[in-house]
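Notes follow once the structure below has been shown.
The values are calculated or read from the model by the stated rules, or taken from the named source; none is laboratory data. This is a predicted model, so every value here is computed, not measured. Glycine gets a Cβ as well: all are built from the backbone with ideal geometry, and neighbour counts include every protein chain shown.
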Amino acid sequence: MNEVNPEILSRIRQGETNLFKEIVDIYKDRAFSLTIKILKNREESEDALQESFLRLFRAISSDSYEAKAKFSTYFYTIVYNTAVDYYRKYNSGSFNVTSIEIHEANYNDGDELTRDFEPNVDRSLYDTESMSTERNIETAEVTSIIRGYINTIPQQYSVILNMFFINELSHEEISTILKIPLGTVKNRIFRAKEKLKEILFREFNKEELIEYIKV
Amino acid sequence: MNDFNKIEEFLESGIKESLTESTSLNFTEKLMREVEMAKEFAKQDKKTYKLLNFIIAGVITVIITSGVMLAYLLGGEGADENPGGFIAGTKDLFNGLSAKVFGLFGISLSGDAIMYVFFAGAAIIMFSLIDRFVLKKSYN
């Protein structure tokens, strides 16, 4: 990921406010993806993100951001903390990224990932025997399964996945920002991916899927 | 690239695509307006902070100067008429302190000089305490 040039930070500090737009343009969508995973509401997420950028601007202007910290880590810490503050403001409880509530008596490891997800593939739409691979596995079907899965997994997973894949933070950085053990971060990313693999292989024939990916 | 890696890559790109969200089209524009306002407020706050600093420093200086002058004037007259009074007592205390402390190093300083240094020190400490606990808290 492009780290912000320290020269830009120094010029913003000296009063060239318009340069802050460059930072906003680099980070706004990636940061928004994170806030919306926490707040689950577009309007509140945009408000929280706006507040995060203002906090960042004040930190740069008042010299309280020290270049010792990696810029993206510093910024995403602000984004995460602000989103959690907003979550508390709009919800009665506090945001919990650590533990996952388990209600089922016969719970199996990883069940929480698919608690609210049911893959919906209508096999009758195509005849798997006669059609070619590309046509057997429709792109829309795969995409919709992945999207459905990602949209329904608990926040304890989606926040970490977002930080890893979209915000491009390392396992260590995620662990520091969320204040959870490094092992938990690694484990959740691994489990989320494994579960998705399992779902896709259940819905589609493994060989077909591999052929489809090759195409 | 083997099949395992291909699947991994495919899954990761699918996950990335599904996680990505976009802000509304006018987000940057709205935000930059807020940033300009924040900058303006910060400027105003800085001005007010400087003005308050100046006023407080002025008030403290006036109080200390008046105190010292009053003590000097009253002490000069009253010390002879009222040798057991507060002002004369304070002067005696500083004279005694000066003789004891600076005498050890072979330096001779008058009680008045010590008193001025003491008041100046008190003023600096008072000012920095007000600055730290009142002004900086309100303007940061």
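Just to be sure before I move on: is residue B:9 at the interface with chain A (Cβ under 7 Å from one of its Cβ atoms), surrounded by 11 or more Cβ atoms within 10 Å (Cβ to Cβ) and without any contact (Cβ under 8 Å) to a residue 40 or more places away in the chain in the structure I sent? Walk me through it before giving the result.
Working: at the interface with chain A (Cβ under 7 Å from one of its Cβ atoms): no; surrounded by 11 or more Cβ atoms within 10 Å (Cβ to Cβ): yes; without any contact (Cβ under 8 Å) to a residue 40 or more places away in the chain: yes.
No; evaluated as a whole, the condition is false for this residue.
In the range A:29-38, what residues are out of contact with any Phe, Trp or Tyr (no Cβ under 6 Å at 6 or more places or on another chain) and either of a type in the set (Val, Ile, Thr) or in contact (Cβ under 8 Å) with a residue 24 or more places away in the chain (or both)? Spell out the reasoning first.
To start, the set of residues in the range A:29-38 that are out of contact with any Phe, Trp or Tyr (no Cβ under 6 Å at 6 or more places or on another chain) comprises A:29-37.
The answer is A:30, A:31, A:33, A:34, A:35, A:36, A:37.
So which of A:145, A:150 is within 24 Å of residue A:87 (Cα to Cα) and either modelled with pLDDT of 90 or more or among the hydrophobic types (A, V, I, L, M, F, W, C) (or both)? Before the answer, list the steps.
Working: A:145 fails: within 24 Å of residue A:87 (Cα to Cα).
The match here is A:150.
Could you check, for the range A:179-193, whether at least one of its residues is in a helix (DSSP H, G or I), within 12 Å of chain B (Cβ to nearest Cβ), farther than 30 Å from residue A:24 by Cβ and at pLDDT 90 or above? Walk me through it before giving the result.
Pass one, the range A:179-193, residues in a helix (DSSP H, G or I): A:182-193.
Then drop every residue that is not within 12 Å of chain B (Cβ to nearest Cβ), which leaves A:189-190, A:192-193.
Restricting the remaining residues to those that are farther than 30 Å from residue A:24 by Cβ gives A:190, A:193.
Filter once more, keeping what is at pLDDT 90 or above: A:190, A:193.
Yes; the residues of the range A:179-193 include at least one that is in a helix (DSSP H, G or I), within 12 Å of chain B (Cβ to nearest Cβ), farther than 30 Å from residue A:24 by Cβ and at pLDDT 90 or above.
Among the listed residues A:43, A:51, A:22, which satisfies the condition of being within 14 Å of chain B (Cβ to nearest Cβ), modelled with pLDDT of 90 or more and surrounded by fewer than 13 Cβ atoms within 10 Å (Cβ to Cβ)?
Values: A:51 fails: surrounded by fewer than 13 Cβ atoms within 10 Å (Cβ to Cβ); A:22 fails: surrounded by fewer than 13 Cβ atoms within 10 Å (Cβ to Cβ).
Answer to the selection: A:43.
Can you spot a residue in the range A:196-209 that is closer than 30 Å to residue A:28 by Cβ and part of a helix (DSSP H, G or I)?
Going through the range A:196-209, the residues closer than 30 Å to residue A:28 by Cβ turn out to be A:196.
Okay, now just the ones that are also part of a helix (DSSP H, G or I), so A:196.
Yes, the conditions are met somewhere in the range A:196-209.
Filter the range B:13-22 down to the residues that are under 15 Å from residue A:143 (Cβ atoms) and loosely packed, with under 14 Cβ neighbours inside 10 Å, then identify the one that is nearest to the other protein chains (Cβ to nearest Cβ). Walk me through how you get there before you give the answer.
From the range B:13-22, those under 15 Å from residue A:143 (Cβ atoms) are B:13-20; that's our starting set.
Narrowing further to those that are loosely packed, with under 14 Cβ neighbours inside 10 Å: B:13, B:17.
Numbers: B:13: 9, B:17: 7 Å.
The selected residue is B:17.
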